[in-house]
Amino acid sequence: MKLYQLHTKQKLPISQKDAWDFLSNPSNLKIITPDYMGFNILSNQDKKMYSGQIIHYKVTPVLGIKTTWVTEITHVKEGEYFVDEQRFGPYSLWHHKHFIIPTSEGVIMEDIIDYKIPMGILGQLANPIIVKKKLKEIFTYRYLKLEELFGKVTNKSPELTFKSF
C-alpha cells in the first residue's frame, strides 16, 4: 500500500476571519475549482461548517467521467482549521487538513492531503502520470484564483510538495 501526501502553502493579505469565512463555506469550493471539472455540490452547501457535516458532490476529474464524491467534515476549530475526509469517491483514502495561520502580512493557508489510490499497482502507476499531475493542476488553479480574489503577498510561485510513504 502506498500513501501519498500533497502539502501546499499560500500567503494571502487578508485577515484570519476573512480567510476562515471564505474557506469554511462549502459553496466557495466551486469558485476555486477549475470549471472543466464540472464541480457541483449537491448537499449541505448552505450550512455553516460543523464537525460531522456530510457534503455530497458530483465532479468530472478526468476523461469526462462523472464521479460522486462524499466527504465528512471531521474536525473544526473555528477560525483555525478543519479536516475533511472522503467517505465515498475516487480515492481509497482522502484526508485533507486545512489550516489558517495568522501572520503580520495576513495569513498562511496550509493544506496537507494524505491520499491513497485504489487498484493496487495500477493505482501506483497512475499516481505520477494522472493523479499527481491533476492534483498539481487543481491546486495551482486554486492558488492563482485565491490571489485573484484576495491579492498576493509575494511574487512566489505555488508551494506544492508531494511525498510518498
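The values are calculated or read from the model by the stated rules, or taken from the named source; none is laboratory data. The structure presented is a predicted model; accordingly, all values stated were derived computationally and were not measured. Because the Cβ atoms are built from the backbone with ideal geometry, glycine has one as well, and the counts that use them run over all protein chains shown. Side chains included, ligands, DNA and RNA excluded: accessible areas come from the protein's heavy atoms. Shrake-Rupley method; radii C 1.70, N 1.55, O 1.52, S 1.80 Å.
Structure notes:
- Qualifying chymotrypsin sites (Phe, Trp or Tyr not before Pro) in the range 25-84, DSSP loop, other Cβ atoms within 10 Å at most 16: TYR50
- DSSP-loop GluC sites (Glu not before Pro) across the range 59-154, with at most 14 other Cβ within 10 angstrom: GLU78, GLU80, GLU105
- Measuring with a 1.4 angstrom probe and ignoring ligands and nucleic acids, VAL62 comes out at about 50 Å² accessible.
- Most positive-pole-ward Cα, TYR4, ILE14, PRO26, against dipole of the range 1-71 from beta carbon charges: TYR4
- Net charge dipole, the chain: roughly 500 debye, given to the nearest 20, about the Cα centre with Cβ charges of +1 for Lys and Arg and -1 for Asp and Glu.
- Computed [θ] at 222 nm, deg cm²/dmol, the chain (DSSP H ≥ 4; -39,500 (n - 2.57); rounded to nearest 500): -6500 deg cm²/dmol
- Where MET49, MET1 fall by accessible area, highest first, once all protein chains stay in place (1.4 Å): MET1, MET49
- Both radii were evaluated on the Cα set of the range 66-125; the Rg over Rh quotient, with Rh as the Kirkwood radius, amounts to 1.11.
- Low-density loop cleavage sites - trypsin sites (Lys or Arg not before Pro) in the range 1-63, where at most 16 other Cβ are within 10 Å (DSSP): LYS2, LYS30, LYS47, LYS48
- Rounded Å value of the spacing that divides the Cα centres of the range 1-57 and the range 78-120: 9 Å
- With N counted as the residues of the chain, its alpha-carbon radius of gyration over 2.2 N^0.38 Å works out to 1.01.
- Rolling a 1.4 Å probe over the protein heavy atoms gives the chain an accessible area of 54 Å² per residue.
- Proximal lysines relative to LYS132, as straight alpha-carbon distance under 28 Å, when same-chain residues fewer than 8 apart are discounted: LYS2, LYS9, LYS11, LYS30, LYS58, LYS66, LYS97, LYS116, LYS145, LYS152, LYS156, LYS163
- Carbon and sulfur %, accessible surface of the chain computed with the full protein complex present, 1.4 Å: 58 percent
- Potential extension, ASP46-GLU110 segment - 0.36 nm per residue separation minus Cα distance: 20.6 nm
- Percentage relative contact order, the chain, counting C-alpha pairs under 8 Å, at least six apart: 32 percent
- Rounded to the nearest 10 Å², the accessible area of LYS163 at probe 1.4 Å: 100 Å²
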